[in-house]
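Remarks on the structure that follows.
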Amino acid sequence: MPHFDLLIKSGTIVDGTQIPRTKGDIGIRNGVIERIENEIDGTADEIIDASGRIVAPGVIDLHTHYDAQVHWDPYCTNSGWHGTTSVAFGNCGFGFAPCKAGDRDRNMQMMENTEQVPYTVLGKTLPWTWETFPEWMQHLRALPKGINLSTYVPLNPLMIYVMGIEAAKSRPATKSERQKMKDLLNEGMDAGALGFAFSYQGQKNGHTDFDGSPMPTDVMDPEEAYVLGEVLRERGQGIIQVLADMPGCELNRGIIEELAERSRRPILHNILQIVEQMPEYHQGILAWLDEMEAKGHTVYSHAMSMHTWTEFNFVDYNFWDSVNDVFKEFSLAGGKKEKLALAADPDYQERFRAAYDPAAMMGSAGGSLDTFRLVNGHGTDPYGAFEGKLLGEIAAARRLDIVDLFFDLFIKSDAKAEVRTTLLGAESPDLIADVLKHRRVLFGTSDGGAHYKYWSGGQFSTDVITWLSRDEGLFSLEEMHYKLSYLPSRFAGFKRRGALLEGFAADVMIYDLAALSCNLDKYDVVWDLPDGGYRRINRAKGIDAVIVNGQKIFGAHSACTDKLPGSVLSPQAPNRDARHVSVAAE
């Protein structure tokens, strides 16, 4: 009679490959799925009764920013709560390696403004025991972690490391500098990098440096990316992530076609955002993906594939950077004291009023002022009575111009008033399903680990399973888990991941489909950051277990087991840390 470390009994197995679901048992030993049968007659250290439950592969999310958060939260919540067992970071060209000792402070300032990870948190949690990218990978392998990690080589730190920050922002690299970047990318790939990542959005984009200027890759000579793409072509390894356009920002998809031609590697385009008021945006991306496929290029687009909103006070929100210079001035003004002073300045109020253009605030800015809903007036008279109303409705009731209403609300609430967007994402399930069913579209873009004072995206898997599959019937569970797990695994080049098959790593989620849910209207606020600060979260309900490499990290009600079985994934090697030897390379 076989003995397993873990035996999952009597579950409805949706294996991620799109074959029809079956009812059966899964036997796991040494982190690997050893047997899948209708009924396994065996013993185990732990047996999970999955009767009436869906047993599916863990979610793989290729767009996160957990580079910092994993240092204080090894389970990468919210994502870990919602069945995500593997993540990729270093996205958009932001990260912490390579980085010279003298550039650490500047690097953290960049990350604070681009991804809204507070500088105080970074200073408390990053040990900075690395300089080079291989040293960063060594650090990640040694780091205790609850889920699996993978990382791109982020192009901004790479350019700064070779050229210096001022040169990286102001001129093309020299021939010798390009060779140095190629050598360092090769070193990074040898160390296990997923590929490389960058943003390219010019002067008008959703990510700016702490001083409001573009990041190096946004204004670089595209040749910097092309020569690095040729490195991957020579190696026959790696993928490339490119943030080329966002609604309301510059659209730069042309760089992807040239990069696809010169690299001959898979490219992940960001971001496919579905905004009902801007249908030309997602329609244009889908038509472009078809064009890329017709030309023989392996280009996929990453969709923001769930109910999408931001919820914020106007002190901690900086997505106005991309609107215009006057709005950017407010974003960069500093903290609460400085923004209150600016808001009370009659000259600034007039400039703000003159610059206010509702149409320019669609997309990354979250919508025009009148479309924001007041979530919390913090007892401010008279705004406490208007909670739940749109700012446009409140302005009409108070007979105020919308700009005057904004300043009045901001000042009278002592900058504490909180609002949420109502137009950032589409609400039509048929429209969203039609876009997500495109064969070159990946689910995800949780942005986990970033923007967490006004955003939570790790719940995307729970959201789409319940909304588009269970409730609307627009996806079968077989299609859903293929999109959530096996397709991103195959795209990334992970070996023996993303499906429930014998010989594959045992990354599993077990859930009650009827009870599965998350909050679709409001985030919870928890004060659990290392600096004592807050973040917005979205918890999972109905998930009985999340299993990583054969070990349960979460039980019912997101109860943490304190186990740390995560490993670093690499397309170049067996997807386990050196201490785990049971998953052999193909």
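The values are calculated or read from the model by the stated rules, or taken from the named source; none is laboratory data. This structure is a prediction, so every number in the text was calculated from the model and none was measured. All Cβ positions, glycine included, derive from the backbone under ideal geometry; neighbour counts span all protein chains shown.
Quick notes on this one:
- In region 363-411, of all residues being surrounded by 19 or more Cβ atoms within 10 Å (Cβ to Cβ) and on the phi > 0 side of the Ramachandran plot, the one that is modelled with the lowest pLDDT corresponds to GLY363.
- LEU259 being without any contact (Cβ under 8 Å) to a residue 40 or more places away in the chain, in the same structural domain as HIS451 (by TED's automatic domain parsing) and not in a helix (DSSP H, G or I): no
- One residue alone among MET189, MET163, MET246 is closer than 30 Å to GLY335 by Cβ and in contact with a helix residue (DSSP H, G or I) (Cβ under 7 Å, 6 or more places away or on another chain), and that residue is MET246.
- Filter result (part of a loop (DSSP other than H, G, I, E, B) and either free of Cβ contacts under 8 Å to residues at least 24 places away in the same chain or over 17 Å from GLY498 (Cβ atoms) (or both)) within region 21-37: ASN30
- Hey, TYR300 closer than 24 Å to ASP414 by Cα and within 23 Å of the chain's Cα centre (by Cα) or not: no
- Hey, VAL441 aliphatic (A, V, I, L, M), within 20 Å of CYS92 (Cα to Cα) and out of contact with any Asp or Glu (no Cβ under 6 Å at 6 or more places or on another chain) or not: yes
- Test: residue in region 343-353 that is free of Cβ contacts under 8 Å to residues at least 12 places away in the same chain, touching a helix residue (DSSP H, G or I) at 6+ places or on another chain (Cβ under 7 Å), among the small types (Gly, Ala, Ser) and over 30 Å from PHE196 (Cβ atoms): no
- Scanning region 69-97 for residues that are surrounded by fewer than 24 Cβ atoms within 10 Å (Cβ to Cβ) and not aromatic (Phe, Trp, Tyr) yields VAL70, HIS71, ASP73, PRO74.
- Filtered residue count, region 234-257, keeping only those that are more than 25 Å from THR151 (Cβ to Cβ) and modelled with pLDDT of 95 or more: 1
- Of the strands (runs of 3 or more DSSP E) lying entirely inside region 501-570, those containing at least 3 residues that are out of contact with any helix residue (DSSP H, G or I) (no Cβ under 7 Å at 6 or more places or on another chain) and farther than 20 Å from SER86 by Cα are 524-526.
- Scan of region 267-296 for residues that are surrounded by fewer than 20 Cβ atoms within 10 Å (Cβ to Cβ) and either basic (Lys, Arg) or in a loop (DSSP other than H, G, I, E, B) (or both), ordered by number: GLU276, GLN277, MET278, LYS295, GLY296
- Conditions (1) out of contact with any Cys (no Cβ under 8 Å at 6 or more places or on another chain); (2) in the same structural domain as THR77 (by TED's automatic domain parsing); (3) not in a loop (DSSP other than H, G, I, E, B); (4) not basic (Lys, Arg); number of the one not met by THR462: (1)
- When ASP414 is tested against (1) surrounded by fewer than 19 Cβ atoms within 10 Å (Cβ to Cβ); (2) part of a loop (DSSP other than H, G, I, E, B); (3) in contact with a helix residue (DSSP H, G or I) (Cβ under 8 Å, 6 or more places away or on another chain); (4) modelled with pLDDT under 95, just one condition goes unmet, and that condition is (4).
- Scanning region 210-226 for residues that are buried (at least 19 other Cβ atoms within 10 Å of the Cβ) and either touching a residue at least 60 places away in the same chain (Cβ under 8 Å) or of a type in the set (Val, Ile, Thr) (or both) yields MET215, PRO216, THR217, MET220, GLU224, ALA225.
- In region 467-487, the residues that are assigned by TED's automatic domain parsing to the domain that holds CYS518 form no Cβ pair under 7 Å with any partner that is not in a loop (DSSP other than H, G, I, E, B), whether six or more places apart or across chains.
- Residue selected from region 69-88 under the condition part of a strand (DSSP E or B) and hydrophobic (A, V, I, L, M, F, W, C), by the criterion nearest to MET110 (Cα to Cα): ALA88
Every residue, every condition in (1) within 20 Å of the chain's Cα centre (by Cα); (2) under 30 Å from LYS23 (Cβ atoms), yes or no:
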{"site": "GLN69", "(1), (2)": "yes, no"}
{"site": "TYR75", "(1), (2)": "yes, yes"}
{"site": "GLY80", "(1), (2)": "yes, yes"}
{"site": "ARG106", "(1), (2)": "no, no"}
{"site": "LYS124", "(1), (2)": "no, no"}
{"site": "THR129", "(1), (2)": "no, no"}
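- Total residues in region 313-332, condition under 16 Å from TRP455 (Cα atoms), of a type in the set (S, T, N, Q) and in contact with a Ser or Thr (Cβ under 8 Å, 6 or more places away or on another chain): 1
- Residue list for region 468-494, filter: within 11 Å of ALA433 (Cβ to Cβ), among the aliphatic types (A, V, I, L, M) and more than 19 Å from the chain's Cα centre (by Cα): LEU468, LEU474
- In region 520-555, residue nearest to SER567 (Cα to Cα) [restricted to those that are among the acidic types (Asp, Glu) and in contact (Cβ under 8 Å) with a residue 40 or more places away in the chain]: ASP544
- In the condition set (1) surrounded by fewer than 19 Cβ atoms within 10 Å (Cβ to Cβ); (2) more than 30 Å from the chain's Cα centre (by Cα); (3) within 13 Å of GLU502 (Cβ to Cβ), THR17 is compliant with all but (2).
- Residue pairs meeting the criteria (Cβ under 8 Å; at least 6 apart or on separate chains; first surrounded by fewer than 21 Cβ atoms within 10 Å (Cβ to Cβ), in region 232-248; second modelled with pLDDT under 95): GLN237/PRO571; GLN237/GLN572
- Residues that are free of Cβ contacts under 8 Å to residues at least 60 places away in the same chain and either crowded, with 24+ Cβ neighbours inside 10 Å or not in a loop (DSSP other than H, G, I, E, B) (or both), drawn from region 42-68: THR43, ALA44, ASP45, ILE47, ASP49
- Of the listed requirements (1) in contact with a His (Cβ under 9 Å, 6 or more places away or on another chain); (2) closer than 30 Å to LEU185 by Cα, ALA56 misses just one: (2).
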